[in-house]
């Protein structure tokens, strides 16, 4: 009897609305969510309580395609921005490292676009944990800054670069499968 294959868990991280991302960035985040759902992956994202975000936009896209979504939120309670999230996990932790660590460690790969300090934290956690990172280029923020780069001189794992949502998801799934085979 063979062991059933668990669905790959792909995280999407990016700017909150207060960083005033473009409509194009939001549409790309939604497309990433759609593509993850179409590939039968589980979308993990930082579930915000007080504002929209690119992560939340990815959740909307996944839900449009019938995908399974998991929102990792800070503090207590499950009252989040994206009401149709399938699973909401309150961490009891605040923003600034705790919630981001739980979110990233649940993923087999992460995709980032744009991004402020929270996204930077998530990329750093992924780097330390050897979790594959894919940055969608063209929207500024830490994703563009770190795309194609190592985080430090240890050269553990490069932040892989993607030019389109389709390319980002393809790379993430390939890298996630490799990650899962090593760390399952």
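Need a quick list: strands (runs of 3 or more DSSP E) entirely within region 23-114 having at least 3 residues that are touching a helix residue (DSSP H, G or I) at 6+ places or on another chain (Cβ under 9 Å) and over 21 Å from residue 161 (Cα atoms).
Passing ranges, in order: 68-73.
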* All positions within region 101-122 that are free of Cβ contacts under 8 Å to residues at least 60 places away in the same chain and closer than 24 Å to residue 173 by Cα -> 101, 102, 105, 120, 121
* Structure fact -> Over region 122-151, the set of residues crowded, with 19+ Cβ neighbours inside 10 Å and not in a helix (DSSP H, G or I) is 131, 132, 133, 134, 135, 136, 139, 147
* Return the total of residues in region 152-178 being assigned to a helix (DSSP H, G or I) and touching a strand residue (DSSP E or B) at 6+ places or on another chain (Cβ under 6 Å). => 5
* Quick one: what pairs do we get from region 155-180, first residue over 17 Å from residue 28 (Cβ atoms), second exposed (fewer than 15 other Cβ atoms within 10 Å of the Cβ) and at pLDDT below 95, C-beta under 8 Å, 6+ apart or different chains? -> 180/6
* What do you reckon, is residue 174 more than 20 Å from residue 22 (Cα to Cα) and over 12 Å from the mean Cα position of the chain (by Cα)? -> yes
* Number of positions in region 152-177 that are within 22 Å of residue 33 (Cβ to Cβ) and surrounded by 12 or more Cβ atoms within 10 Å (Cβ to Cβ) -> 18
* Asked: What is the number of the single condition among (1) in a helix (DSSP H, G or I); (2) surrounded by fewer than 17 Cβ atoms within 10 Å (Cβ to Cβ) that residue 7 does not meet?
  -> (1)
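The values are calculated or read from the model by the stated rules, or taken from the named source; none is laboratory data. Every value quoted in this text rests on a predicted model; they were computed, and no experiment measured them. Backbone-built Cβ (ideal geometry, glycine too); neighbour counts: all protein chains shown.
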